[in-house]
1. In Å and whole numbers, how far do the C-alpha atoms of the stretch 2-133 stretch along each principal axis, longest first?
2. Show me, for the stretch 49-64, the HN-Hα J-couplings you get by feeding each phi into the Karplus relation (A = 6.51, B = -1.76, C = 1.60, θ = phi - 60°), rounded to Hz, glycine and proline as x.
3. On full extension of the chain, what length is gained from GLN84 through ARG51, given 0.36 nm per residue of separation minus the C-alpha to C-alpha distance?
4. Rounded to the nearest 20 Debye, what is the dipole magnitude of the chain about its Cα centre when Lys and Arg each give +1 and Asp and Glu each give -1 at the C-beta?
5. Go through the stretch 22-112 and name the trypsin sites (Lys or Arg not before Pro) that are in a DSSP coil and have 11 or fewer other Cβ atoms within 10 Å of their Cβ.
6. List, in order, the whole-Hz ³J(HN,Hα) value for each residue of the stretch 26-43 obtained from phi through the Karplus relation with A = 6.51, B = -1.76, C = 1.60 and θ = phi - 60°; use x for Gly and Pro.
7. Determine the gain in length on full extension of the stretch LEU44-LEU124; use 0.36 nm per residue of separation and subtract their C-alpha separation, reporting nm with one decimal.
8. Testing the spin-label approximation: label points 7 Å from Cα along Cα→Cβ at THR103 and GLU68. State their distance in nm.
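Read-outs: derived from the displayed coordinates by stated rules, not from any lab. Fair warning: this is a prediction, and the values are worked out from it, not measured in the lab. Virtual Cβ from ideal backbone geometry, glycine too; neighbours counted across all protein chains shown.
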Amino acid sequence: MASRFNEPITTRLAAAAVECLQRHGSPVRSSDVHWCPGAFELPLVAESLARSGRWHAILCLGAVIRGETPHFEYVSSACARGIQEVALRHGLPVVFGVLTTDTLAQAKARAGGKHGNKGWDAALTAIDMIGLLRAIGRQR
C-alpha cells in the first residue's frame with residue numbers, strides 16, 4: 001500500500017516495490033497497490049489488510065517531509081508506531097517503507113535517485129521476512 005500524499009515520490013516507491021516483487025516471482029500487480037490519503041492512515045489500512053488474511057506481507061510506502069511545524073514528528077511517529085503494532089499483533093511482516101526526510105531532494109534521492117529506491121528495499125525486506133518467519137514456523 002502507498003500514501004497519495006507526496007505522490008510524485010510514493011508512485012516511484014510503489015513502482016519499484018512491485019517490480020522487485022515480480023522479479024522475485026510474486027504474482028503481484030500494480031493494481032494490487034492500495035492507495036490511502038497519507039502516511040498517518042497507513043496503519044489503519046495495514047490493519048485491514050492484515051485482518052483479511054490474503055497477504056504474506058504488507059508494504060507500507062510513503063513520504064513524510066519535514067516542514068516548518070511539528071507536524072512531521074507527529075505523523076512520522078504515529079505512522080511508525082502503528083505499522084509496528086500491526087506487525088506484532090498479526091505476526092506478519094508489515095514493512096516500514098516510509099521515507100522520513102528533511103527535504104524533497106532527499107526524498108527524491110531515496111525514491112530512485114542516488115540513494116537507490118527504498119520501495120525496492122522494502123520489497124526485499126518483505127521477501128526476507130517471509131522466508132525467515134517460515135523458517136521459524138511463524139508464517140502461513
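1. That gives 40, 30, 25 Å along the principal axes, largest extent first.
2. Here the 3J(HN,Hα) series is 5, 5, 5, 5, x, 7, 10, 7, 7, 10, 9, 10, 10, x, 8, 10 Hz.
3. Value of the extension gain: 10.4 nm.
4. Roughly 400 debye for the chain.
5. Of the trypsin sites (Lys or Arg not before Pro), the ones in loops of the stretch 22-112 whose Cβ has at most 11 other Cβ atoms within 10 Å are ARG29, ARG54.
6. 7, x, 4, 10, 4, 6, 7, 6, 9, 9, 10, x, x, 5, 4, 8, 4, x
7. Full-extension gain reported as 26.5 nm.
8. 1.7
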